[in-house]
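Read the figures in this text as sums done on the coordinates, not as results from a lab. These figures come from a predicted structure and were not determined experimentally. Cβ: placed from backbone, ideal geometry, glycine included. Neighbour counts: every protein chain shown.
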Amino acid sequence: MKIALLAGDGIGPEIVAQAERVLLYFKQEGLKIELEPGLLGGCAVDATGKPFPEATRKLSVEADAILLGAVGGIQYDNLPREKRPEQGLLAIRKTLGLFANLRPIVLYPELVNASTLKPEIVTGLDILIVRELTGDIYFGKPRGIEYRDGQKVGFNTMIYSESEIRRIAHVAFQAARRRSGRLCSVDKMNVLECTQLWRDVVTETAQSYPDVTLSHMLVDNAAMQLVRNPKQFDVIVTGNMFGDILSDEASMLTGSIGMLPSASLDDRNRGLYEPIHGSAPDIAGKNIANPLATILSAAMMLRYSFNEETAASRIESAVQKTLKQGYRTEDIYETGLRRTGTVEMGDMVLANLQSQ
Ligand code: IPM
Ligand code: MG
């Protein structure tokens with residue numbers, strides 16, 4: 001298992017270091033894990049002038065899986081767009097064909113009070129957002145800012161081909177089949193042709209999955225329903241931009257975006273695994289960031305890319321036990337519990353792995 005470690009910027013190196021310790025623990029237990037660090041994002045711009053340098057491209061193409069921290073920082077905000085750290089992330093997703101982004105939105109019972117929503121709304125919450133990741137307005141052309149009739153105009157292109165919609169729909173139907181058998185596809189077909197096609201193709205794909213119940217929802221309504229009654233959802237499938245927005249919204253149902261892992265997979269389950277949160281430059285280097293989303297991303301890696309279900313579940317149980325014991329980073333802290341730093345959180349997860 002050749003794993004590229006791309007720690008990135010801000011809190012990235014701190015949280016990836018804790019996930020690395022967890023992976024090394026399994027290596028010592030006998031899994032054939034090889035870890036290789038690389039540069040992506042702002043740190044890569046600093047070192048090479050490019051957010052996704054050739055060496056990182058090579059490392060990522062050759063790796064069986066990638067563990068990523070986060071990219072971005074205010075010091076890069078004035079760079080030309082092609083040099084922004086985010087471009088490194090978009091480029092690696094596109095280059096590796098990582099079109100299927102799985103974002104599980106799971107509330108740990110221990111964190112029910114950390115959510116801003118009432119306990120009865122979120123208790124037992126377990127949603128999977130399947131976000132298309134290599135198409136849509138993120139990559140569509142033409143795009144740009146130019147002069148038209150004496151003033152600047154900015155424009156992007158929302159575009160999906162049938163085949164792009166079909167392949168993400170298959171991923172979502174298969175996920176729904178493994179779960180409760182319910183899939184909700186989110187679009188804006190009342191306004192946007194691109195998403196009319198989305199709805200048509202998803203509906204057509206449903207014929208291959210008679211055991212899955214498909215529903216459709218407009219994105220504005222979905223945004224509302226996610227905070228009104230989130231437990232009505234099981235699997236949600238949507239395009240790149242709607243998925244970006246809805247997954248941040250959904251993350252807060254679980255108490256903290258600092259808890260949520262993600263997997264971005266190609267058609268052979270080769271993948272990039274990353275927490276869904278950003279680089280949080282304001283808390284970087286202070287040993288207060290929550291490493292659990294990254295540790296849980298390593299668990300997803302073991303499950304999806306390496307079929308190591310036992311190791312993956314063991315990590316998830318160790319995380320849950322750590323929460324049960326009352327250890328809390330700043331983002332999920334509640335009075336009376338144990339305020340814990342980034343490294344100490346890693347220590348506790350490791351201790352709980354060892355004692356299993
Ligand atoms: C995410 C992030 C990225 C995205 C940014 C950093 C480019 O918000 O993974 O959700 O928009 O996809
Ligand atoms: Mg996002």
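Lys and Arg at +1, Asp and Glu at -1: add these up for the other residues within a Cβ distance under 12 Å of Met300 and post the number. With Lys, Arg at +1 and Asp, Glu at -1, the net is -2.
Determine the calculated [θ] at 222 nm for the chain from helices alone, applying -39500 (n - 2.57) to every DSSP H run no shorter than 4 residues and normalising by the residue count; nearest 500 deg cm²/dmol.
On the way: 12 runs with 142 residues, N = 356.
Counting only the DSSP helices, I get -12500 deg cm²/dmol.
Projecting the Cα atoms of Ser180, His170, Gly140 onto the charge dipole of the range 82-215 (Cβ charges, centred on the Cα centre) puts Gly140 farthest toward the positive pole. How high is the relative contact order of the chain? Use alpha-carbon pairs under 8 Å, at least six apart in sequence, and give a whole percent. Once normalised by length, the contact order is 21 percent. Using a cut-off of 22 Å between Cα atoms, the listed pairs Lys2/Lys27; Lys118/Lys188; Lys94/Lys286; Lys83/Lys141; Lys2/Lys58 include Lys118/Lys188; Lys94/Lys286 as exceeding that distance. Here Arg167, Arg148 are placed in order of increasing Cβ neighbour count within 10 Å, fewest first, which gives Arg148, Arg167.
Classify the range 116-254 as rounded, prolate or oblate, taking a ≥ b ≥ c as the square roots of the eigenvalues of its Cα gyration tensor: rounded when a/c is under 1.5, otherwise prolate if a/b is larger than b/c and oblate if not. Oblate. Once you reduce the range 323-339 and the range 188-211 to the center of their Cα atoms, the two points are 43 Å from each other.
Taking the Cα centre of the range 1-65 as reference, the dipole from Cβ charges on Lys and Arg (+1) and Asp and Glu (-1) amounts to some 120 debye.
Once you have a ≥ b ≥ c as the square roots of the Cα gyration tensor eigenvalues for the range 27-177, tell me rounded if a/c is under 1.5, and otherwise prolate or oblate according to whether a/b is larger than b/c. Intermediate values should be presented prior to the final figure.
Details: a/c = 1.58, a/b = 1.22, b/c = 1.30.
Oblate is the answer for the range 27-177, as a/c is 1.5 or above yet b/c matches or exceeds a/b.
Ranked by how many other Cβ atoms sit within 10 Å of their own Cβ, fewest first, the residues Ile66, Ile11 fall in the order Ile66, Ile11.
With Cα atoms defining each centre, the range 244-259 and the range 1-57 are spaced 24 Å apart in the structure. Would you please state the base-10 log of I(q)/I(0) at q = 0.06, 0.11, 0.13 1/Å for the chain, with intensities from the Debye formula using one equal scatterer on every alpha carbon? Taken in order of the listed q values, log10 I(q)/I(0) reads -0.21, -0.75, -1.05.
Taking only complete DSSP H runs, can you tell me which helices of the chain stretch 20 Å or more along their own long axis by Cα positions and average at least 0.0 on the Kyte-Doolittle scale? Display every interim value, and only then the final one.
On the way: long enough: 12-28 (24 Å, 0.07); 162-178 (24 Å, -0.55); 309-324 (22 Å, -0.49).
Membrane-span-like by this rule: 12-28.
Let me spell out the model: positive unit charges on the Cβ of Lys and Arg, negative unit charges on the Cβ of Asp and Glu, origin at the Cα centre of the chain. What dipole size does that give, in debye rounded to 20?
Working: 39 positive and 44 negative charges, 51 e Å.
Dipole magnitude for the chain comes out near 240 debye.
Quick check on the range 216-277: take the gyration tensor over C-alpha atoms, sort the square-rooted eigenvalues as a ≥ b ≥ c, and tell me if it's rounded (a/c under 1.5), prolate or oblate.
oblate
Here Leu125, Leu79 are placed in order of increasing Cβ neighbour count within 10 Å, fewest first, which gives Leu79, Leu125. Under the convention that each Lys and Arg Cβ holds +1 and each Asp and Glu Cβ holds -1, the size of the dipole of the range 80-124 around its Cα centre is about 360 debye.
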